[in-house]
1. So, of the residues in the stretch 30-43 that are among the β-branched types (V, I, T) and not in a loop (DSSP other than H, G, I, E, B), which turns out to be surrounded by the most Cβ atoms within 10 Å (Cβ to Cβ)?
2. In the stretch 44-60, how many residues are in a loop (DSSP other than H, G, I, E, B) and either in contact with a strand residue (DSSP E or B) (Cβ under 8 Å, 6 or more places away or on another chain) or closer than 13 Å to M1 by Cα (or both)?
3. Can you name the residue in the stretch 140-163 that is assigned to a helix (DSSP H, G or I) and of a type in the set (A, V, I, L, M) and, of all such residues, is farthest from T22 (Cα to Cα)?
4. Consider the stretch 3-24. How many of its residues are of a type outside the set (G, A, S) and in contact with a Ser or Thr (Cβ under 7 Å, 6 or more places away or on another chain)?
5. Is it the case, given these coordinates, that F111 is loosely packed, with under 11 Cβ neighbours inside 10 Å, within 17 Å of the chain's Cα centre (by Cα) and not small (G, A, S)?
6. Tell me whether the stretch 14-29 contains one or more residues that are basic (K, R), modelled with pLDDT of 75 or more and not in a loop (DSSP other than H, G, I, E, B).
7. Please work out if Y63 is modelled with pLDDT of 75 or more, within 30 Å of V25 (Cβ to Cβ), part of a loop (DSSP other than H, G, I, E, B) and not hydrophobic (A, V, I, L, M, F, W, C).
8. Given the criterion under 25 Å from R156 (Cα atoms), out of contact with any helix residue (DSSP H, G or I) (no Cβ under 6 Å at 6 or more places or on another chain) and part of a helix (DSSP H, G or I), identify the matching residue among R123, R112, R85, R137.
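The values are calculated or read from the model by the stated rules, or taken from the named source; none is laboratory data. Just so you know, these numbers come straight off a predicted model, no measurement behind them. Methodologically, a virtual Cβ is constructed for each residue, glycine included, from the backbone with ideal geometry; neighbour enumeration extends over all protein chains shown.
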Amino acid sequence: MLGEEVAEIVATSHAKNGEDATATVTARMASGILVTSAFSEYAAEQHEIEIYGDRGRVRASIYRFDGFDLIPAGVYEGHLVRRLRRFVEALGAAAPAVRASRQGGVFLASFRSLWQHFVEAIRHDTAVAPDLEDGRRSLQVALAAVRSADSGRVVRVNEAPRTAAVHLPT
């Protein structure tokens, strides 16, 4: 999303009933930008991303039809005028959201689009994105996070393994 690689990771986790139930991961990108993620198996379903910048922040949620929000700097979320504006925007977006839900919703539409992209890549002999190398890099970031959570230390991603050991039952 940022067009750059993760340089290092620090992660913490908390076990509940013997299994990791919550975790936080802070990553430093190659440019120095910090990215933070929080995960929990025992919280309400919520998949959101927020990006903070000098002029405000952008928030996107994959579960809400009105899930894209731009909050300018200096404006707080609970401000009455802002809340009324969001309410009017949500009313305007309700009819298209109902139409989309009759066709499986925007979440299902994203999977259809993904498969259409894959089919078109095969038809036209073009590269797909993400590719296997992107998958390997993602795995390396995840393995660095696990190593950091286990050791309690910052882990440089390029020092983490790029493959996971798979043990199949015999």
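1. V35
2. 3
3. V157
4. 8
5. yes
6. Yes, the stretch 14-29 contains a residue that is basic (K, R), modelled with pLDDT of 75 or more and not in a loop (DSSP other than H, G, I, E, B).
7. Taking the combined requirement at face value, the residue does not satisfy it.
8. That would be R137, the only listed residue that is under 25 Å from R156 (Cα atoms), out of contact with any helix residue (DSSP H, G or I) (no Cβ under 6 Å at 6 or more places or on another chain) and part of a helix (DSSP H, G or I).
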